[in-house]
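Worksheet: the structure to be examined is printed underneath.
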Amino acid sequence: MRLVIGSAILFTYIVMIWGGIVRSTDSGLACPSWPMCYGDFTLPKETSAKLEMGHRTISSLAGIFVFLTFIYVWRRFKGLPKITSAVALLFTISAALTGMKMITSETPNLKYVSHMLLESFHIYESMIILAALVLTYRFMQFQDSAKEGIPIWAYLFAVATMITGVLVRYTGSGEACGHEWPTCAGALIPELNNWQVTLQFIHRNLAYLTWLAFLLYLIFSKSRLALYTFILVNLQFVFAVSMVLTGFFLPIVFLDTASGFFLFAWLTYHLNLKLQQPVLKEAWR
């Protein structure tokens, strides 16, 4: 069973990274129809179409493993694993429908605010799926009530940074501050008369607060988990800054996306939920 849910987590993670590549290479509309690329199973010739078709294929595999995880959990467990596996399946279905809507409405063109919001919502769906799967895996194991975890207040800072980061990416606000850091549009505190500059400025400041939150967590906790987490946060910070300074150089964008979603999964798995006893029980007992 670990292989099944592990595959669901892995493929979901790959889907999220692959989706970032599709977005960064403007390949979102390379396949004009849905769910097939040109209405059949023929492998497209164009690289952009192959990227988009590959994203859909990996998404399908992820969906299959999410479904298998749901079936297994609901047959053999009670309690929280049932809830989180159901959430994962629900948002997997929702993400498939959102993906279809994105193609039929040509959302990747980002012509309208509705397009930007739909693209952002699609990423949020993926984040919820990944978080639900990670928590399902965690809840299927015996929970040590004395085990230290990442404090919720630090976790919320990180999630807020990621949420605004998605909005920055999918509203075309990534270069609103120019290719500079720590300044934005030539100033530490820019004029906030442009909504894209404002959004980028808010995102950057949330990132600073997140870094500070995990520094405080490390100082007061002095645990290995806090140290490893702080290293991951700093790694993500380096990739994000490098992405801006290099003008969104594609390999750096890839590393930023991959490390960001890995950090999200790490934080979710190690979140301090203060569970006082095992949270699952095999259904037939």
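For this structure, a couple of remarks:
- Look at (1) on the phi < 0 side of the Ramachandran plot; (2) surrounded by fewer than 13 Cβ atoms within 10 Å (Cβ to Cβ) and you find that Thr164 fails only one, number (2).
- Scanning the range 205-242 for residues that are β-branched (Val, Ile, Thr) and open to solvent by 60 Å² or more (accessible area, probe 1.4 Å) yields Ile219, Ile231, Val238.
- All positions within the range 171-204 that are among the aromatic types (Phe, Trp, Tyr), open to solvent by 60 Å² or more (accessible area, probe 1.4 Å) and touching a Leu at 6+ places or on another chain (Cβ under 7 Å): Trp181
- Matching residues in the range 79-108 - criterion: being over 21 Å from the mean Cα position of the chain (by Cα) and either in a helix (DSSP H, G or I) or modelled with pLDDT of 95 or more (or both): Leu80, Lys82, Thr104
- When the helices (runs of 4 or more DSSP H) confined to the range 179-269 are screened for residues that are touching an Asp or Glu at 6+ places or on another chain (Cβ under 6 Å), those reaching at least 2 such residues are found at 224-245.
- Filter result for Glu119 (surrounded by 17 or more Cβ atoms within 10 Å (Cβ to Cβ), among the charged types (D, E, K, R) and farther than 30 Å from Leu225 by Cα): yes
- The range 1-17, residues that are at pLDDT below 90 and assigned to a helix (DSSP H, G or I): Arg2, Leu3
- In the range 1-24, residue farthest from Gly172 (Cα to Cα) [restricted to those that are touching a helix residue (DSSP H, G or I) at 6+ places or on another chain (Cβ under 6 Å) and of a type in the set (Val, Ile, Thr)]: Val4
- Among the candidates Ile58, Ile64, residue that is open to solvent by 50 Å² or more (accessible area, probe 1.4 Å), assigned to a helix (DSSP H, G or I) and aliphatic (A, V, I, L, M): Ile64
- Selection count where residues are assigned to a loop (DSSP other than H, G, I, E, B) and open to solvent by 20 Å² or more (accessible area, probe 1.4 Å), scope the range 31-55: 13
The values are calculated or read from the model by the stated rules, or taken from the named source; none is laboratory data. Because the structure is a prediction, the values reported are computed rather than measured. Glycine gets a Cβ as well: all are built from the backbone with ideal geometry, and neighbour counts include every protein chain shown. Side chains included, ligands, DNA and RNA excluded: accessible areas come from the protein's heavy atoms. Shrake-Rupley method; radii C 1.70, N 1.55, O 1.52, S 1.80 Å.
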